Amino acid sequence: MKAKPTNAVGFTHDAPSLLCIGLDIAWFGGSAGNRDSQYDCIAAAHLTAGTAQTPQMRCEFSRIALVDRDPQAVLLLQALTDLLRRYDTTTRIILALDAPVQTAPRPHLLPRIALPTKGTVVRRASENHFSRHRQRIDKIAGGSAGWQPNIQPGAPLAPRVISLLQGLQQQGISLWTLGNQHDNRLLLECFPAEAIWAMKRLGQYHAKLSAEEVKSYKKQQGKALTANDVRSLVHAALDAFAASTGQPMLWESLLESALTWMLADETWQTKPGLYRGGKLLDDVVDTMICLATAMSYALGHAHVWRDPAHADDGHIIGPGLLLDSGTVLAKGANDDRS
């Protein structure tokens, strides 16, 4: 497939504006006994191409409180619809979310439940493909040293995610495939733990920074955090994504805007200047990783894991030009070597 021409910042000439969205979705609307888990989180960056190297940017962030856990994703779809309406003249939209969104038919499996029993969920071909390559790459690097992601089986899809996909299709947003990868309204599957691993393998984390330190944002449940704690946890995890987005200065600005919003958000404040660790921190960081993935893809700095023998059984798109992924997505190029 012939790539569309791009300018210096990666916009296609027929798509001079770009809306990138990161979404952390509660697959089942959160846990019944944990109110802090009953939120979806959205981060969006609207970029407008110009004559300068750095495009203009507007960003926004939101949490969606899930009434009765929003089983049909009605509240989430409304929030996304409102967001799209605010940018209704945007020519290209890339949405990356943290959930399996594509799987081959498996009629023998019952609908997925929040706490599945053994044998009711299975890994997709894309997950097995990534796992094999990841182990090979880690071995070459001298071992995983804790950077490897734990892969949760992606099939079958969660019913709430299916409802979201159906609603987004009505908005004209298509699920990513290799064939439609240049379309202007795409939904990508992102796996934040894979993205962190990829940043490590691309040398974007400082050599002295351990996997435990980078992933510590997920281990703050029950802790009271100061604003400095929050900043430290966020920067440890997210600074590394600057280069992969293709716009390092914009990413730094996005992080600062996200932190300003987080620290002003009363949802998770226990008292002025203190914040409760747990899902309300975890979800924002994962949302930002999804946003970084959307930007990386849109601006030509992404990779994808897919099994070419089972192309309908999932994909995992991550930020950065990880050549060992087998399929390289760079400046719209189609280099499928897997």
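Where a number appears in this text, it was derived from the coordinates with a stated rule and is not lab data. As the structure is a prediction and not an experimental result, all values here were calculated from the model. Neighbour counts are summed over all protein chains in view; Cβ atoms, including those assigned to glycine, are modelled from backbone coordinates with ideal geometry.
Could you go through the stretch 225-237 in sequence order and give the Karplus-derived ³J(HN,Hα) for each residue, using 6.51 cos²θ - 1.76 cosθ + 1.60 with θ = phi - 60°, rounded to whole Hz, and x for Gly and Pro?
After applying 6.51 cos²θ - 1.76 cosθ + 1.60, I find 10, 7, 4, 5, 4, 4, 4, 5, 5, 5, 5, 4, 7 Hz.
Could you state the number of Å between the C-alpha centres of the stretch 112-133 and the stretch 182-225?
One Cα centre to the other: 20 Å.
Whose amide H sits under 5 Å from the amide H of Ala155, counting only residues 5 or more places off or on another chain, with H placed in the peptide plane?
Residues meeting the criterion, in which the H sits 1.01 Å from N, are Val122, Arg124.
Magnitude of the Cβ-charge dipole of the stretch 141-238, K/R +1 and D/E -1, about the Cα centre, nearest 20 debye?
The dipole magnitude comes to about 240 debye.
How large is the translational diffusion coefficient of the stretch 119-218 in µm² per second when you combine the Kirkwood radius over alpha carbon pairs with Stokes-Einstein at 25 °C and 0.890 mPa s?
This corresponds to a translational diffusion coefficient of 154 µm²/s.
Using the charge dipole of the chain (Lys, Arg: +1 at Cβ; Asp, Glu: -1 at Cβ; taken about the Cα centre), state which of Leu157, Ala45, Ala125 has its Cα farthest towards the positive end.
Final value for the positive-end residue is Ala125.
Using a simple charge model, +1 on the beta-carbon of Lys and Arg, -1 on the beta-carbon of Asp and Glu, nothing else, what dipole does the chain show about its Cα centre, in debye to the nearest 20?
About 580 debye.
Run the helix sum for the chain: -39,500 (n - 2.57) per DSSP H stretch of 4+ residues, divided by residue count, reported at 222 nm to the nearest 500 deg cm²/dmol.
-10000 deg cm²/dmol
From Cα pairs below 8 angstrom and at least 6 apart in sequence, can you work out the relative contact order of the stretch 17-336, rounded to a whole percent?
24 percent
Extending each Cα 7 Å along its Cβ direction at Met249 and Arg35, get the distance between those two points in nm, one decimal.
4.4 nm
When all alpha-carbon pairs of the stretch 17-336 are counted, what percent fall beyond 28 Å?
Tail of the P(r) past 28 Å holds 37 percent of the pairs.
At 0.36 nm per residue, minus the direct Cα-Cα distance, what do Gln152 and Arg231 gain on full extension? Give it in nm, one decimal, please.
25.6 nm
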